[in-house]
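One structure is given below, encoded as structure tokens.
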Amino acid sequence: MNTKHFLFLAYLFFSTLVFGQEIDTKKLDLYFSTLAQNNKFMGSVAVSQAGKVIYTNSIGFSDVEKQIKATETSTYRIGSISKTFTAVLILKAIEDRKITLDQPIRKYFPHIQNADQITILQLLQHRSGIADFTELDNYTDWNTQAKSESEMVSLIAKVGSDFMPDSQTSYSNSNYVLLSFILENIYQASYSELLSKYITLPLSLKNTYLGHKINTANNEAKSYTFDKNWIAAPETDISIPLGSGGIVSNPTDLVTFSNALFQGKIIKKESLDLMKTMKDNYGLGLMVTPFYDKISYGHRGGIDKFTSVFSYFPKENISFALTSNGSNYNSNEIPITVLNAVFNQSFEIPNFSTYQVDSSMLDQYVGVYSSNQVPIKLTITKSGHTLIVQATGQAANELEPSEKDTFKLEKAGIVLSFDPQEKTMVLKQGGGEFTFTKE
């Protein structure tokens, strides 16, 4: 499934890193404990080198209401990282000569638009043209209710096609739901059984499985949003995302899976090479993410209020995974900080002390701001003692004062600095600076 961020900017750095020293685990522990103490993040992280786990940490609660603390074995819904597992299962099926990459899907889904032209490969690459059912306006009205295969296929058929097959790339959860049903059809077994037989049992992934109704008594985490307190989020019924976003796991299992996959212990080298072959920045269940001068293969995930990421750096033989069931902080900043620690780069312990500002002082910032650098406008309003920002076409977000004339939106890594006399405002995010002028 998808994760969306306010004014999201992917991390991309250009520098030279040298790996070889040990991780500063004490400082990294302090970083995570600082996030936890300030209700900024709940979740788990793991890092391995050469197949050996060299760092783990878990903070926050798997169940806030019952005060069940997260542990290394707590499990989280991993959202779209499930697609990597599904791609592996499809390539297993190809190795078993059950299907072929160039096989049209009409045999399985005759009512899907362009089914006679769409191939297995195009589903894997997000080049089928099939629209994403999660973008339906009423999606959140029914995503907590169980759906049968026929109901899901009908929904996907109803959303139709955005473009002709193989003419472009567009990320769509529909593709991997259909791949899940193809796997169940050709093996005459449930997706859960196939995941267990071909991946989790051989690799002894005891905390990885297709999800179900969350049971925190079994060390399964609920997901939360934050509004003065952690608030439990609704649960998507797993019958809907299946192999597109329905798997449950944790970072320790994910780095084990990552290591096995990229060391050729699950599928053949030829199959892995196919997964790693990028077209419009997407492979088969994999994406490439640069970090400084290094390249990693992996995937991000998001479902309900869960977020996740895993990456494998082939040259350094390092795997990294992070899962979260609640974030009130810039979700890009946390993996960047962990990787900075892994590669011996400096990182800061955030300061969450607040700056008090009188309500009457906020009036000078209120207004509509535009910039010739970016095609959006920012509307600044106030509610009581709180300043609020809303970008064109996006939801409103509360800002936190950090110092005189400066406010931050930490969950998006945004800092807004106002100059009331000049009637300007500078937005900083991801290393970029954008100047806005009050209209």
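For the subset of region 164-198 comprising residues that are aromatic (Phe, Trp, Tyr) and more than 24 Å from the chain's Cα centre (by Cα), which member is farthest from GLY246 (Cα to Cα)? Applying the filter and picking the extreme gives TYR187. For region 204-249, the tally of residues that are in a helix (DSSP H, G or I) and surrounded by fewer than 21 Cβ atoms within 10 Å (Cβ to Cβ) stands at 3. Candidates are the residues of region 312-358 that are over 19 Å from the mean Cα position of the chain (by Cα) and β-branched (Val, Ile, Thr); the one that is farthest from LEU399 (Cα to Cα) is ILE318.
Among the residues of region 281-304, the ones that are assigned to a loop (DSSP other than H, G, I, E, B) and modelled with pLDDT of 95 or more come to 5 in all. Here THR307, THR252, THR256 are screened, and the one residue that is buried (at least 20 other Cβ atoms within 10 Å of the Cβ) and either in a strand (DSSP E or B) or within 16 Å of the chain's Cα centre (by Cα) (or both) is THR307.
Answer yes if at least one residue in region 112-135 is at pLDDT below 95 and charged (D, E, K, R), and no otherwise. Looking for residues that are at pLDDT below 95 and charged (D, E, K, R), one finds at least one in region 112-135, hence yes.
Residues of region 175-215 being acidic (Asp, Glu) and over 18 Å from ARG97 (Cα atoms), which ones? Listed by number, the list holds a single entry, GLU193. Counting only residues that are assigned to a helix (DSSP H, G or I) and within 28 Å of the chain's Cα centre (by Cα), region 69-115 holds 16 of them. The set of residues from region 137-184 being aliphatic (A, V, I, L, M) and in a loop (DSSP other than H, G, I, E, B) comprises ALA146, MET164. Name the single residue, out of those in region 185-203 being touching a residue at least 40 places away in the same chain (Cβ under 8 Å) and outside any helix (DSSP H, G or I), that is surrounded by the fewest Cβ atoms within 10 Å (Cβ to Cβ). Here the answer is PRO202. Remark: pairs (first residue in region 144-159, loosely packed, with under 12 Cβ neighbours inside 10 Å; second residue of a type in the set (Gly, Ala, Ser); Cβ separation under 6 Å; 6+ apart in sequence or on different chains) = ALA146/SER239.
Remark: pairs (first residue in region 332-360, within 27 Å of ILE380 (Cα to Cα); second residue at pLDDT 90 or above and in a loop (DSSP other than H, G, I, E, B); Cβ separation under 6 Å; 6+ apart in sequence or on different chains) = PHE352/ASN38. Filter region 377-404 for residues that are without any contact (Cβ under 8 Å) to a residue 40 or more places away in the chain and assigned to a loop (DSSP other than H, G, I, E, B); which is nearest to GLN356 (Cα to Cα)? By that ranking, first place goes to HIS385. The selection criterion, being surrounded by 15 or more Cβ atoms within 10 Å (Cβ to Cβ) and either assigned by TED's automatic domain parsing to the domain that holds HIS212 or at pLDDT below 95 (or both), does not hold for ALA50.
The lone criterion from (1) touching a His at 6+ places or on another chain (Cβ under 6 Å); (2) among the aliphatic types (A, V, I, L, M); (3) closer than 21 Å to THR277 by Cβ; (4) surrounded by fewer than 21 Cβ atoms within 10 Å (Cβ to Cβ) left unmet by ALA93 is number (1).
The values are calculated or read from the model by the stated rules, or taken from the named source; none is laboratory data. Keep in mind that this is a model prediction, so the values were computed, not measured. No Cβ is skipped: glycine too gets one built from the backbone with ideal geometry, and neighbour counts run over all protein chains shown.
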